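So the structure is just underneath, and the comments pick up after that.
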Amino acid sequence: MRTLTLAALILGIVAPLTITAATKIFPYKYFIDDLPNGLRTVTVPTDYPNIVALFIVVSTGSRNEVEPGKSGYAHLFEHLMFRGTDKYPTAKYGQIMKNAGADTNAYTSDDRTVYHTVFSKENLDTVLMLEADRFQNLKVPQDLFKTETRAVLGEYNKNASNPITKLFEVMRDTAFDTHTYKHTTMGYLRDVENMPNMYDYSLEFFKRYYRPEYTTIVVVGDVKRENVTALVNKYWAAWQHGSYVAQVPVEPEQAAERKADVDWPSPTLPWVAVGYKGPAYSDEQKDKPALDLIGNLGFSQNSDLYQRLVIKEQKVDALFTSFDDQRDPSLLIAAARVKDPKDIDYVKSELIKAFDLYKTANIDKAKLDEVKANLKYGFALSLDNSEAIAANLAQYIALRRTPETINKVYDLYAAITPQDIQDMARKYFPEKHRTTVILAHKGGQNARQE
């Protein structure tokens, strides 16, 4: 157990961690400060003048929705958090932010909910005060709650009109049995439709997860650590630590290949998705970084598959992969939009072959090194302003609560060998771990030829 000095106890701040990473992929000096209640602050002073980016990362997303019939609540709170408190109702909150010239928004994913604001440095006190108030004192009357739940249903219906949304929804529902990655961040339609009747449960959800131990404040820009920590201590130290820990079910090993078909109700080009169960994010094991590199080698615009299916044969007009960094084992998915329904089975076969190739192929080290370099320098070039730095940090903060994980994972990328690529392909791409989904309009001219 760490012994605190009297000064630290008075401040309410655990001794800070300071890192200088001039030669690492994340080159900025940063400071980590913890309050006794579990709240963490990550401060990154930059040379970009006047502007501050504040990203508040709540390590709670749809993964935490463990109770049947209660999906979609992490996303719902992304909306509800803008509905005000007794002290600062919605209109007053909005007016203060407007007067500060602040640009504020939020997003939700499987593993996190992130509230982000960009503003002038002189408004740091005001913005941290307002954010502390809504995180600790959110109050949404029942009539406003019902209005917002109807807005969420409208968002669900709008998203559902996109074939890709449906493709991924069915892919996840088919591939998973027990883990909460089975449902998307939006949740199941039946649960979203029932949200207006779940006011009491929404209060419980907020009580469980909007707690300091799940929250990290990321401040990037024209700031000084001492000022940031003093303000965080002033406005956030009284926030009470919670006690709830979600019991997220462990997904059993998939024993056989799974397949699903989606009959899209209106004419559309078909989509084919092939997915495999992949590893969770790690900054210590090579598995996830190796599969990231396979995704780039096998399916990027520079890949042989893309050049053939999209450019030469012109059977596909879109090809991409999806394999986010996630807390628990998730899915590595390759998806393609097929120009002619008669080519669906061919494209599906080619996607599977592209995965299988890496089980036996001798990957050219120079090509692998080129992919690593593109990945590394692409990330480095994205850190070109304070907001971009904070946005990049947010996803990693939700996973490990420290920027150092970025340096560690990019060191892993650098260490991947051609043999690692082959080993991980054999480990993660057996047929029994595969799930395929085909979305097509089965009537009229888009009918699939069996």
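Couple of notes before you dig in:
- Phi angles across region 241-255 convert, under the Karplus curve 6.51 cos²θ - 1.76 cosθ + 1.60 with θ = phi - 60°, into 3J(HN,Hα) values of 4, x, 9, 8, 10, 5, 9, 7, x, 8, 6, x, 4, 6, 9 Hz, Gly and Pro given as x.
- Whole-number accessible area per residue in Å² for region 233-279, which is evaluated in the context of all protein chains at 1.4 Å: 53
- Point-charge dipole on Cβ atoms (K/R +1, D/E -1) for the chain, about Cα centre, debye to 20: 60
- Computed FRET value (nearest 0.05) for D304 with R190, which takes r as the C-beta separation and R₀ as 45 Å: 0.55
- Pairs exceeding 26 Å between alpha-carbon atoms, taken from K286/K353; K158/K348; K158/K442: K158/K348.
- For region 39-137, the solvent-accessible area works out to 34 Å² per residue, with a probe of 1.4 Å and every protein chain left in place.
- When the listed pairs K372/K427; K24/K427; K29/K207; K259/K359 are checked against a 24 Å cut-off, the alpha-carbon distance exceeds it for K24/K427; K29/K207.
- For the chain, the carbon plus sulfur part of the accessible surface works out to 51%, probe radius 1.4 Å.
- The residues of region 321-379 expose on average 47 square angstrom of accessible surface per residue, using a 1.4 Å probe on protein heavy atoms.
- For the chain, the longest principal axis of the C-alpha atoms and the axis of helix 418-428 are separated by about 90°.
- Only helices enter this figure: runs of n ≥ 4 DSSP H residues, each worth -39500 (n - 2.57), summed and divided by the residues of the chain, yield -13000 deg cm²/dmol at 222 nm to the nearest 500.
- J(HN,Hα) series, region 125-131, from Karplus relation 6.51 cos²θ - 1.76 cosθ + 1.60, nearest Hz, glycine and proline x: 4, 4, 5, 5, 5, 4, 5
- For region 174-179, Karplus couplings with θ = phi - 60° (6.51, -1.76, 1.60), whole Hz, Gly/Pro x: 7, 6, 9, 9, 10, 5
- Applying the criteria of a DSSP loop state and at most 16 other Cβ atoms within 10 Å to the trypsin sites (Lys or Arg not before Pro) of region 222-258 yields K224.
- Structure-derived Cα extents along the principal axes in Å: which label, when the choices are (i) 70, 53, 40; (ii) 69, 52, 49; (iii) 85, 53, 44: (i)
- Protection proxy ranking of 53-59, 42-48 - average other beta-carbon atoms within 10 Å, highest first: 53-59, 42-48
- Considering only the chain, percent of DSSP beta bridges that pair antiparallel, nearest 5: 80
- Coil-residue trypsin sites (Lys or Arg not before Pro) of region 71-138, DSSP, other Cβ within 10 Å capped at 14: K87
The values are calculated or read from the model by the stated rules, or taken from the named source; none is laboratory data. Since the model is a prediction, treat every value here as computed from it, not as a measurement. Cβ: placed from backbone, ideal geometry, glycine included. Neighbour counts: every protein chain shown. Side chains included, ligands, DNA and RNA excluded: accessible areas come from the protein's heavy atoms. Shrake-Rupley method; radii C 1.70, N 1.55, O 1.52, S 1.80 Å.
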